[in-house]
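Each remark here refers to the structure printed beneath this line.
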Amino acid sequence: MTGQAAGWRILQGIIDYLSNMDRSLDEWIKGQPPERQAILRTIHGIVVAGDATVQPVVKPMMGKQMIVYEANGTMKYALSSVGQHMTLHVLPIYGAPALSEKYRKLLPAARFGKGCINFQGSADLPPDVVKRLVADCAPIDLARMLQGYREKKRR
């Protein structure tokens, strides 16, 4: 990719971001396939009610529009609906292997990445388990977790 092409790609990303800043959460959910809207709305409600440290905003992340739940300017959770599945990104499980392992066992139908849970619907990611996950993640101090991760990486 040439420097000019890369510059245009960055500029387009900025334009896309600014044009979608005022897009409401409800509009984002209504823009998803009808069969996904109820579970997305449920998970959104659980995250907001269960973790008072986060503020939700619809914005691009990893090239896709999604709901990003930020704590002190850092993504703590995100909720996306792209392609064949939906994804709940959970930064605290990335930095807490025991927590990740706990939920891998509780959610055998879901597919896990390093810090995300891919699911098809509420059968894969039941709301009661999401409530427990958020309750386990809410007290985690992301700044402290990220600092510890950076220190380990330096060693």
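The values are calculated or read from the model by the stated rules, or taken from the named source; none is laboratory data. Note that the coordinates shown come from a computational prediction; the quantities given were computed from them, not determined experimentally. Note that we place each Cβ from the backbone using ideal geometry, even for glycine, and neighbour counts take in every protein chain shown.
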remark   = Picked from the stretch 45-66 (must be assigned to a strand (DSSP E or B) and not polar (S, T, N, Q)), the residue nearest to G121 (Cα to Cα) is M66
ask   = Of A52, A96, A71, which residue is aliphatic (A, V, I, L, M) and either surrounded by fewer than 13 Cβ atoms within 10 Å (Cβ to Cβ) or farther than 30 Å from R150 by Cβ (or both)?
value = A52
message = Can you tell me which condition K64 does not meet? The list is (1) surrounded by fewer than 15 Cβ atoms within 10 Å (Cβ to Cβ); (2) at pLDDT 95 or above; (3) of a type in the set (D, E, K, R), and all the others hold.
response = (2)
message = Could you tell me how many of the residues in the stretch 99-115 are charged (D, E, K, R) and under 13 Å from M145 (Cβ atoms)?
response = 0
ask   = How many of the residues making up the stretch 100-115 are closer than 24 Å to P33 by Cβ and touching a Leu at 6+ places or on another chain (Cβ under 7 Å)?
value = 2
ask   = Here are some conditions: (1) farther than 30 Å from E151 by Cα; (2) part of a loop (DSSP other than H, G, I, E, B); (3) of a type in the set (S, T, Y). T42 meets all but one. Which one does it not meet?
value = (2)
